[in-house]
There are 4 protein chains.
Amino acid sequence: MTSTLSESLKKYSVSIIGASGYSGAELTRLLLGHPVVELQELYAFSQVGNRVSDLYPALGCDQVYKQYCGETESDIYFLALPHGEALQLVPSLVQSGKIVIDLSGDFRLKNQDEHQEFYKQVKSPEAVMTYGMPELFRNDIIKGKAVSNPGCYASSIILGVAPLFPGTESSIKVRAINCTSTSGISGAGRSSKTELSFSEMSENIRAYKVGVHQHIPEIMQALGTSATNPSFDFTFTPMIGSLVRGIYSILNVQLEQPADPAEILDLYHRFYKQAPFVRVRETMTEVKHVVHTNFCDVHIARVTGSGSLLIVTALDNLLKGAAGQAVQNMNLMLQLDERTGLL
Amino acid sequence: MTSTLSESLKKYSVSIIGASGYSGAELTRLLLGHPVVELQELYAFSQVGNRVSDLYPALGCDQVYKQYCGETESDIYFLALPHGEALQLVPSLVQSGKIVIDLSGDFRLKNQDEHQEFYKQVKSPEAVMTYGMPELFRNDIIKGKAVSNPGCYASSIILGVAPLFPGTESSIKVRAINCTSTSGISGAGRSSKTELSFSEMSENIRAYKVGVHQHIPEIMQALGTSATNPSFDFTFTPMIGSLVRGIYSILNVQLEQPADPAEILDLYHRFYKQAPFVRVRETMTEVKHVVHTNFCDVHIARVTGSGSLLIVTALDNLLKGAAGQAVQNMNLMLQLDERTGLL
Amino acid sequence: MTSTLSESLKKYSVSIIGASGYSGAELTRLLLGHPVVELQELYAFSQVGNRVSDLYPALGCDQVYKQYCGETESDIYFLALPHGEALQLVPSLVQSGKIVIDLSGDFRLKNQDEHQEFYKQVKSPEAVMTYGMPELFRNDIIKGKAVSNPGCYASSIILGVAPLFPGTESSIKVRAINCTSTSGISGAGRSSKTELSFSEMSENIRAYKVGVHQHIPEIMQALGTSATNPSFDFTFTPMIGSLVRGIYSILNVQLEQPADPAEILDLYHRFYKQAPFVRVRETMTEVKHVVHTNFCDVHIARVTGSGSLLIVTALDNLLKGAAGQAVQNMNLMLQLDERTGLL
Amino acid sequence: MTSTLSESLKKYSVSIIGASGYSGAELTRLLLGHPVVELQELYAFSQVGNRVSDLYPALGCDQVYKQYCGETESDIYFLALPHGEALQLVPSLVQSGKIVIDLSGDFRLKNQDEHQEFYKQVKSPEAVMTYGMPELFRNDIIKGKAVSNPGCYASSIILGVAPLFPGTESSIKVRAINCTSTSGISGAGRSSKTELSFSEMSENIRAYKVGVHQHIPEIMQALGTSATNPSFDFTFTPMIGSLVRGIYSILNVQLEQPADPAEILDLYHRFYKQAPFVRVRETMTEVKHVVHTNFCDVHIARVTGSGSLLIVTALDNLLKGAAGQAVQNMNLMLQLDERTGLL
């Protein structure tokens, strides 16, 4: 992660708004080690005045969290804020010509009604951001300067089934997807809720937001359809388990027609041929295989003659599901190799 | 758990064959605290000569593991052996008129071909044992003396959907069930496999045996159909996570017809009205709610107008999924309150 | 834990004030299963109106938490309150002739100055309670009706070294004890602190209150000396690790004179001969050996010729370190076998 | 960790003998990301023919483990073998002029009798290696080409007390050190022992090798004395807890004379002024503060007027306790900034 050899290069200045949460801390770590950017300001709220080293000693960083008051001195801004708080900040940053990457859900959905239903908030209409999933929208990301970074569950699910959707291969048609995902508890943020305490969550599993999770419309939109008028039946059950990091998704897919295992596997390999961070694996994947990396592993565990697929994906919710993917998006917008600072 | 007040009662003698594994240890604990039985012999294999207190100090029991050589002195025999090893022992115990409860999969399946396919073993034909799930087959259990105790995953799945099957309510018809279950690692037994070491499994999740788990035919049989010729589509993905005990099952059920939430809930309440260990819960259940108990919690998390149900169940794999249910079966065969020694 | 066989016996009524915390929940579980008491009222504060089954579904208890307004209808009162809150309640309960067992630190210290220094509170002088460690003060407990239940760390430490102190064997003299103890996180109570969240504490260890923990004067007092004017040098470092339950103490003891291993072992065996819950073990103990039990394991790991002892103890902080010991004390005051309801 | 910007630089070739264990895997990860070395061969034993990606998918490395047959093509050799197996390999590698870093205990002890006593092995006399703790022996390491890398516990303990030893400050004299250390279970290697399984070690703590651990003579030697003829009394109790990585050491130090807190703190700051990986921290350290880093945190928690110090240290056993420190040593021998590839 050292950049000692590249000191002479021109570096882009980058700041993080909302730097003190878990995603912000991972961004801090990645950007400190990134060879072509220089970390400028770390903005926070309740932690203003504290040092990074107070909250995250492992980062080895003594910078002080500041309050954000509309500054636009940096070349690049990451926003890692609770949902709703980026709504006011993103438009002006975009207008001032900055590279902006928002990790919240505020600008992910194009359909205002769905945003309102799933986020219980009115969407600010001023900024149009590209949905930052490089494996699906690489060209759009490269051309633009504003990216809405995908959700963690959404990433693990979309990447697991994207090769099955029209535009990629015409002969395949998805009838239904039933998904259960288990997330590390860091996905709930740096929290003080009793229900997320060690004593409550150690050796525990808990499902929540069954059928109403806000990533549902995001997934449908990325797959070319919508939650309001879906082209296939989608069921999603998120869970938290006794792990800090990682998302493990089990995707049961029903196709309209019989499927050939070799053909399906080939389809996935072709779809992800240029994607350095998605690995189509021939053996079962595990959370441990991807944690602390930006990889999303995809394993096709079973294909039946009747057109039923069982796909397992794994990623690190704070990396490929948040900060890692955000840096991958930044790399693309800076016309860098998308792996820069991530391997 | 003390039985100091009931010393004067006549007690049944009970022995455990295969007492040194995790299920055997739980059986030991439960039977030591049971008011109407007396623990006679603990038979083991690799642990012969060792004391219970060497392996399981928490049990506070100094009995010595012995080798089983065909003894039939006890009134009741529990067998908690690896699959295949009860095949030879059960028939003669049954013939000698003992109460026999086998915790393995050896006598669960009536269909010999399915047994051979899923267990890779030929089934011994001499003993016919009742499938020991009290909530479905209480009367059969009470009348008999030989019970094949259900599998842990099977218990968590069958109890989650049993009220939806014919014979109980005629208007409901299940089209498909897609199930993912996460099990505690104790389900793999007292093991020395690298892949089950703490360093590999802490904060990890791993799916396995996708579509080929041996509990699949057991579940289908208990629900009145078969894996060979199923009346509904069944997909099952088992996983192990970073917990020692517990099974958490997410059951996505498709009915043939629309469903009314109140009606479904009522159906479950009626089905389990007499079942002290199945709790139909109105709020989300968690592993923590049932661990170290014999309860199986069932929560109907979602019923859609299109006939899609999302049901969550939780139980302790070593209790309601093994030793607890075995004692519940013993209680029934002894004509006791089925809760005796289990609350 | 069932008491179905003893329904005809006279039962004592018992209530818990502060029933909704972790110690209160363990008390609830133990008393529900106790053969000679009947659980009457569960008093709580923030949880008034909620059911036990809402907070602790595993207990299988539907009782409703009530507000305590000075009631004295029960025969026995347990208080499991945060430090300071029992100060006002205990005196009147004691005066009304009830059996009272207080699990807080409010009445443990006889020295008012030490109480004020370590608890930052003025001690109420009206009630004199016996220090409820049966292994040291069994006769005093049996004769009285009011017990101050020992602290969790204190129990694990006192029981590890008590046989070495005067009155028991005159030839042994302790010069110094250096102790490090690792506690399960449930010791911090049912908490919503960020620093105790799963994401912060999983796979973590943290020392705290080095040299100032409030159990220090309690330990010194129980061993016949005082923190103010100690007869030996005592250093104590408490830690929390990534476990919910259990305390594991490493006690490095320096004697004034050389020690003989066999003699020391014999000393311990004699001291604990009548103590059913202290096990002097010949092999290393572990947290897993005692968790969910009322045992305190003591292992003398090393005795050097120079008089240095290394002693390891393990207990469950919520049982022998709190609720279990409290019930043990109740049993003694009721003139019952002290194991009743605890094995 | 990417080295894309430094492709044009001359790189040293490096191979790892014993690459498939946990330390070997961490070495692989660090060396893959190191800007001035190129990973040449990965030698293993039971894993010969398997790919790194089979065992450690997170490393994203497809290299195949080979059998070591005396090759000397690389510039640098790391050995990460079980104790005893490096004895035969190190001498010839050293003689052929390679840079050699041995992570085992085979060449740490100068005293042959102590080696024999604590490792139960005869020491091979041919190679003299420098003890590779940069904070104590930086100049010796820089000048040489063969380093014996310190043990994990030894690192955490030596770094916690080194500033107190003669040669550094004459007025301080240590009389006794009592140390308890809790290690992550990865310290036991990639293991298939039942006692290290998840089911046994989750939420557990276990002490072992009390007073006989092989790091004892190593620690004494590094501090300028010996286990055979010690200048101070040293007691060491190692434990494993329910965490994968990390060592947390509690060091209770008795000085011969009274100590002044400010003076002690100043002593530590001066001693570690030039050490980028030792952080003298003013607040309590935790395992979480150092895990996945090469830092060793040292916190002086308490200094009493009587000359008693309580020092807490934390490091990652696989990094500063093994692979990270090994790379730090390599950097020094290559005359690089010792942080290269480690931040």
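Using the number of other C-beta atoms within 10 angstrom as an exposure proxy, rank A:213, A:292, A:269 with the fewest first.
Lowest count first: A:269, A:292, A:213.
Which one of C:184, C:149, C:226 is farthest out on the positive end of the charge dipole of region C:133-234, using unit charges on Cβ (Lys, Arg +1; Asp, Glu -1) and the Cα centre as origin?
C:149
Put one equal scatterer on each alpha carbon of the protein assembly as shown, apply the Debye formula with no solvent term, and list log10 I(q)/I(0) at q = 0.06, 0.08, 0.09 1/Å to two decimals.
Scattering profile of the protein assembly as shown, log10 relative to I(0): -0.57, -1.05, -1.34.
For each of B:179, A:61, count neighbouring Cβ atoms within 10 Å of the residue's Cβ, then give the residues from fewest to most.
Least to most surrounded, the residues fall as A:61, B:179.
How do B:104, A:306, B:156, A:231 rank when sorted from fewest to most other Cβ atoms within 10 Å of their own Cβ?
A:306, A:231, B:104, B:156
Tell me the angle of helix B:22-32 to the major Cα principal axis of chain B, expressed in degrees between 0 and 90 and rounded to the nearest ten.
70 degrees
Expressed as a whole percent, how much of the Cα-Cα distance distribution for region C:1-104 exceeds 24 Å?
19 percent
Please name which of D:249, D:268, D:296 has its Cα lying farthest along the dipole of region D:225-320 towards the positive end, using unit charges on Cβ (Lys, Arg +1; Asp, Glu -1) and the Cα centre as origin.
Working it through, the farthest residue towards the positive pole turns out to be D:296.
May I ask which residue of B:44, B:88, B:61 lies farthest towards the positive end of the charge dipole of region B:41-153, with charges of +1 (Lys, Arg) and -1 (Asp, Glu) on Cβ and the Cα centre as origin?
Selected residue: B:88.
Considering only Cα-Cα distances, which of the following residue pairs are longer than 28 Å: A:11/A:145; B:320/D:209; A:66/A:193; B:11/C:10; B:110/B:209; A:288/D:193?
B:320/D:209
Compute the label-point distances linking residue C:54 to its equivalents in the other copies; points lie 7 Å from Cα along Cα→Cβ; give nm, one decimal, shortest first.
Label-point separations across copies, in nm and ascending: 3.6, 5.1, 5.6.
How many nm separate the modelled label positions at residue A:69 and residue B:45, each set 7 Å beyond the Cα in the direction of the Cβ?
So the label points at residue A:69 and residue B:45 sit 7.5 nm apart.
Compute the long axis of helix D:261-271 from its Cα atoms, compare it with the longest principal axis of the Cα atoms of chain D, and write down the angle in degrees, 0 to 90, nearest 10.
30 degrees
Just checking the output field for C:243-254: average partner chain Cβ neighbours within 10 Å of each residue's Cβ?
5
Distances in nm, one decimal, shortest first, from residue D:304 to the same residue in every other copy, taking the label point 7 angstrom along Cα→Cβ.
Sorted ascending, the copy-to-copy spacings read 1.9, 6.7, 7.0 nm.
Put a point 7 Å out from Cα along the line to Cβ at residue A:266; what are the distances to that point in the other copies, in nm, shortest first?
Ordered by distance, the counterparts are at 5.5, 7.7, 8.4 nm.
Rounded, prolate or oblate: which fits region A:145-204 when a ≥ b ≥ c are the square roots of the eigenvalues of the alpha-carbon gyration tensor, with rounded for a/c under 1.5 and prolate only if a/b beats b/c?
Oblate is the answer for region A:145-204, as a/c is 1.5 or above yet b/c matches or exceeds a/b.
To the nearest 20 debye, what charge dipole does region B:233-329 have about its Cα centre, counting +1 at the Cβ of each Lys and Arg and -1 at the Cβ of each Asp and Glu?
It comes to approximately 380 debye.
So, with +1 on the Cβ of K and R and -1 on the Cβ of D and E, and no other charges, what is the size of the charge dipole of the protein assembly as shown about its Cα centre, to the nearest 20 debye?
0 debye
Restricting attention to the alpha-carbon atoms of chain A, what are Rg (one decimal) and Dmax (integer), both in Å?
Every Cα atom of chain A included, Rg and Dmax give 19.6, 61 Å.
About the Cα centre of region D:154-317, what is the dipole size in debye to 20, counting +1 per Lys and Arg Cβ and -1 per Asp and Glu Cβ, all else neutral?
About 280 debye.
Quick one: helix A:323-333 against the long Cα principal axis of chain A, what's the angle to the nearest 10°, folded into 0 to 90?
The helix A:323-333 is inclined about 80 degrees to chain A.
Could you give the spread of the C-alpha atoms of region D:154-317 along their three principal axes, from largest to smallest, in whole angstroms?
49, 34, 26
For every other residue with a beta carbon closer than 15 angstrom to the beta carbon of residue C:229, add +1 if it is Lys or Arg and -1 if Asp or Glu, then tell me the sum.
Once positives and negatives cancel, what remains is -3.
Counting only DSSP beta bridges with both residues in the protein assembly as shown, what percent are antiparallel, rounded to the nearest 5?
50 percent
Every number in this text was worked out from the coordinates using simple rules, so none of it is lab data. Predicted model, so just to flag it, every value in this text is computed and none were measured. With ideal geometry, Cβ positions are generated from the backbone for all residues, glycine too; neighbour counts draw on all protein chains shown.
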